[in-house]
Amino acid sequence: MIQHILETGEELRFYEPIILPEKASREVQLTLHPPEDGGKSKFQVHSRPYGERGAEWSLNADGTVVTGVDDEPLSEHADPVDEAIERQNRMRPQELFETFADMELA
């Protein structure tokens, strides 16, 4: 999703990173709002500590995405699933946020 947003120039804003200490869990909620004029939908990502029903939801990210079916056919050279998974596993979330901090984007 992030790669698609970066490629299409859609909006993506990070607010609070989801950092998971060892053996910790968080509940994550993705809210996708109905499309507005122009076929764009707003989304939000919230999280809270797992199992703490009274805990407030933290806003982790929000932005917009284009909805609908892509009219362009898939490339004949689409990456195999294993290559796509490897690409996604190259940078762990903590490394990503450290990179953002180094670039003064955090």
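The values are calculated or read from the model by the stated rules, or taken from the named source; none is laboratory data. What you see is a predicted model, and the numbers here were worked out from it, not measured in a lab. Note: ideal-geometry Cβ built from the backbone for every residue, glycine included; neighbour counts use all protein chains shown.
What the table shows:
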{"item": "Residues that are at pLDDT 80 or above, among the acidic types (Asp, Glu) and loosely packed, with under 11 Cβ neighbours inside 10 Å, drawn from region 1-56", "result": "Glu22, Glu52, Glu56"}
{"item": "Output for region 11-30, where each listed residue is among the acidic types (Asp, Glu), more than 15 Å from Glu56 (Cα to Cα) and in contact (Cβ under 8 Å) with a residue 12 or more places away in the chain", "result": "Glu11"}
{"item": "Any chance Phe100 is touching a strand residue (DSSP E or B) at 6+ places or on another chain (Cβ under 8 Å) and modelled with pLDDT under 75", "result": "yes"}
